[in-house]
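Before any comments, here is the structure.
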Amino acid sequence: MHGWRREHAGDLGLVPTMGYLHDGHLALVRRAREENSLVAVSIFVNPTQFGPNEDFERYPRDEERDLALLREAGVDAVYLPSPAAMYPPGYQTYVTVEDVSQRLEGERRPGHFRGVATIVLKLFNATSPTRAYFGRKDAQQLRVLQRMVQDLDLPVEIVPCDIVREADGLAMSSRNVYLSPEQRAAAPVLYRALQQARARFDGGERDAAKLRELVRSLIALEPLAEIDYISLADDRSLEEVEGIIEGPVLLSLVVRFGQTRLLDNIELG
Ligand code: PAF
């Protein structure tokens, strides 16, 4: 699809994905469909956003099923670049978004957001979208990409889309397939804990440490869950809030079930 960018008329909504599509991705496609005359989806498991000990090799893939789902959803184009097309020999240019990339996931997954920002910019260059759709589940990714678009004056609108959840509250993710039946049954504890924090916040609690502690204590009741971090941070900068919450905040967490890291979050205020 290189060169395709110059040929499309009207507005184009792009949904960047790594494939193994679920209802969360399809909700992004539906939203893009509503807001644009053309919709493109990219499928690319981007090697540069995986660390050396991460799951790049075993990341779930099912191209045939993905294409069938996208056909059914009525997308106009699917962009399926090969790693060699994206990163040919001699490749050496990367995008680094500074502060907002450093914390939380950035601290635990060095180089991750550099890989994300680089590939998303390349996807934008290949498709020239009017709007690009990202889920709120990857809350830090969303903020990193918003920063990149603002700082580099990119002519694209980032559209944040709500988290899509399973009936029991587990946020949809391609990585949920890694969970054993026992882990899967335990995983909704994340959302239950976040909801209780929301109820406490709505009831007037503004002490950041107390809200973090509430979430920690609820998740600690689940023996299969191992907390990686619980963060209550400024909604834009993602700087941790100490003391009293004054503006909008992001309450986010990563919890491990065995080898699998599950992310979830809610926005408060
Ligand atoms: O969220 C994802 O699936 C990926 O990080 C993205 C945005 C497609 C970049 O590879």
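At R165 and A220, where each label point lies 7 Å from the Cα along Cα→Cβ, what is the point-to-point distance in nanometres?
In this crude label model, R165 to A220 measures out at 2.4 nm.
In whole Å, largest first, what are the principal axis extents of the Cα atoms in segment 126-213?
On the principal axes, segment 126-213 reaches 42, 36, 18 Å in Cα extent.
If you scale each eigenvalue of the Cα gyration tensor by 5 and take the root, what three semi-axes come out for the chain, rounded to whole angstrom and sorted largest first?
Calculated on Cα positions only, the semi-axes equal 32, 21, 19 Å.
Where does helix 23-35 land angle-wise versus the long Cα axis of the chain, in degrees 0 to 90, nearest 10?
The angle comes out at about 60 degrees.
At 222 nm, what value in deg cm²/dmol follows for the chain if DSSP H runs of at least 4 each add -39500 (n - 2.57) and the sum is divided by all its residues, to the nearest 500?
Result for the chain: -10500 deg cm²/dmol, rounded to the nearest 500.
List the residues, sorted by chain then number, that are 5 or more residues from R256 or on another chain and whose placed amide H is less than 5 Å from its amide H.
Sorted by chain and number, the residues that satisfy this are E226, I227, D228, L262.
When each pair of different Cα atoms in segment 190-269 is counted once in the 1/r mean, what is the Kirkwood radius in angstroms, to one decimal?
12.6
Using only Cα atoms, what Kirkwood radius does segment 40-129 have, in angstroms?
One over the average 1/r among Cα pairs gives 14.7 Å for segment 40-129.
What are the residues whose amide H is under 5 Å from the amide H of E205, where those residues sit 5 or more places off or on another chain and H is modelled from the backbone?
The list, which skips near neighbours in sequence, is empty: none.
Could you order peptides 84-97, 13-26 by the average number of other Cβ atoms within 10 Å of their residues, highest first?
Answer by packing, highest mean first, reads 13-26, 84-97.
Quick one: helix 189-202 against the long Cα principal axis of the chain, what's the angle to the nearest 10°, folded into 0 to 90?
Result, in degrees: 70.
Provide the per-residue ³J(HN,Hα) series for segment 130-145, in order, calculated from phi with Karplus coefficients 6.51, -1.76, 1.60 and θ = phi - 60°, each as a whole number of Hz, with x at glycine and proline positions.
7, 9, 10, 10, 9, x, 6, 5, 8, 5, 6, 3, 4, 5, 4, 6
So if the hydrodynamic radius of segment 50-92 is defined as the Kirkwood radius over C-alpha pairs, what does Stokes-Einstein give as its diffusion coefficient at 20 °C and 1.002 mPa s, in µm² per second?
For these conditions, the coefficient is 165 µm²/s.
Given that compact globular proteins tend to follow 2.2 N^0.38 Å, what is the ratio of the alpha-carbon Rg of segment 5-55 to that value?
With N residues counted in segment 5-55, Rg over 2.2 N^0.38 Å equals 1.40.
Please give, to one decimal in nm, the separation of the simple spin-label points placed at S237 and D202, each 7 Å out from Cα toward the Cβ.
3.0
Which percentage, to the nearest 5, of the DSSP beta bridges contained in the chain is antiparallel?
Approximately 55 percent, going by the DSSP bridge assignments.
Return one quarter of the surface area of the convex hull spanned by the alpha-carbon atoms of segment 1-95, equal to its mean projected area, in nm².
7.4
Which value in Å does the Kirkwood hydrodynamic radius of segment 91-141 take, with 1/r averaged over all unlike C-alpha pairs and then inverted?
12.0 Å is the Kirkwood radius here.
So what does log10 I(q)/I(0) come out to for segment 170-211 at q = 0.14, 0.16, 0.20, 0.27 Å⁻¹, using the Debye formula with one equal point on every Cα and no solvent?
Rounded to two decimals, the profile gives -0.45, -0.54, -0.67, -0.87.
Bear in mind these aren't lab numbers, they're just calculated from the coordinates by the rules spelled out. From a predicted model like this one, the values you see are computed outputs, not experimental measurements. FYI the Cβ positions are ideal-geometry reconstructions off the backbone, even for glycines, and counts take in every protein chain you see.
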